[in-house]
Amino acid sequence: GVTKFLSPAVSGFLLAKELEYLDGAIQNGEKPMAAIVGGSKVSSKITVLNALLDKCDKIIIGGGMVFTFLKAKGLNVGTSLVEDDFVETAKEVMAKAEELGKQILLPSDIVVADAFAADANTQIVPVDAIPDGWMGLD
């Protein structure tokens with residue numbers, strides 16, 4: 001990004017204010033508290049997930065990282081995008097949640113397609129019934 005052309009490159013006051021507000025909401029928020037975390041990669045969210053487990057009662061997982069968690073649970077994910085290097089990490093997050101008495105909530109059904117194309121065949125299936133050769137879409 002543009003930060004490679006700047007020296008020094010630092011975060012601005014708006015980001016600092018947003019982080020302060022978020023920290024206040026998490027520290028002083030009403031209980032029970034839930035968080036929704038999405039995105040395609042577990043690798044970029046692992047620090048956030050671990051921190052949220054210490055603060056929240058439930059974490060709802062969405063987006064493409066769902067498939068890494070489903071694979072960690074031993075489910076077939078077809079040709080869905082999975083961070084294989086982070087399947088063990090997803091298992092550790094789920095184990096920590098169980099140990100702390102917290103819930104990790106994953107979708108119960110998935111829209112799948114036989115190709116990553118606008119004209120692909122699609123269907124909605126339970127998370128434990130993703131067909132071989134099909135990919136989950138987020």
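Of all lysines in the structure, those lying under 29 Å Cα to Cα from Lys71, and not within fewer than 8 positions of it along the same chain, are Lys41, Lys45, Lys55, Lys58, Lys91, Lys96, Lys102.
Counting only DSSP beta bridges with both residues in the chain, the antiparallel share comes to about 55 percent. Taken about its Cα centre, region 48-136 carries a charge dipole of about 300 debye when Lys and Arg each add +1 at the Cβ and Asp and Glu each add -1 at the Cβ. From the largest down, the chain spans 47, 44, 24 angstrom on the principal axes of its Cα atoms. Classify region 92-138 from the C-alpha gyration tensor, please: rounded if a/c falls under 1.5, else prolate or oblate depending on whether a/b exceeds b/c. Cα axes put region 92-138 in the prolate bin. Reported to the nearest whole Å, the Cα centre-to-centre distance from region 94-121 to region 1-75 is 17. Here's how it looks for Asp138: its modeled amide H is under 5 Å from none belonging to a residue 5 or more places away or on a different chain. GNM remark for the chain: springs join alpha carbons under 10 Å apart, and the peak mean-square fluctuation among Leu105, Leu75, Leu14 falls on Leu14.
Among the protein heavy atoms, those of Glu92 account for about 120 Å² of accessible surface (1.4 Å probe, every chain in place).
Given a 10 angstrom Cα cut-off, can you work out which residue in Thr47, Thr79, Thr89 is the most mobile in a GNM of the chain? Top of the fluctuation ranking is Thr47. Counting only alpha carbon atoms, the long axis of helix 87-100 and the longest principal axis of the chain meet at about 60°.
Solvent-accessible area of the chain (1.4 angstrom probe, protein heavy atoms only): carbon and sulfur portion equals 56 percent. Remark on Gly78: its backbone amide H falls under 5 Å from none of the residues 5 or more positions apart or on other chains, H modelled at 1.01 Å from N.
How far is helix 13-28 tilted, in degrees, relative to the longest principal axis of the Cα atoms in the chain, given as a value from 0 to 90 rounded to the nearest 10? Roughly 80 degrees between the two axes. For Ala35, list long-range residues whose amide hydrogen, built 1.01 Å from N in the peptide plane, is under 5 Å from its own amide hydrogen. Excluding prolines and chain starts, which carry no amide H, the hits are Lys58, Ile59, Ile60.
The values are calculated or read from the model by the stated rules, or taken from the named source; none is laboratory data. Source: prediction; values computed, not measured. For neighbour counting, all protein chains shown are included, and Cβ atoms are generated from backbone atoms with ideal geometry for every residue, glycine included. Surface accessibility is based on the protein's heavy atoms, side chains included, excluding ligands, DNA and RNA. Shrake-Rupley method; radii C 1.70, N 1.55, O 1.52, S 1.80 Å.
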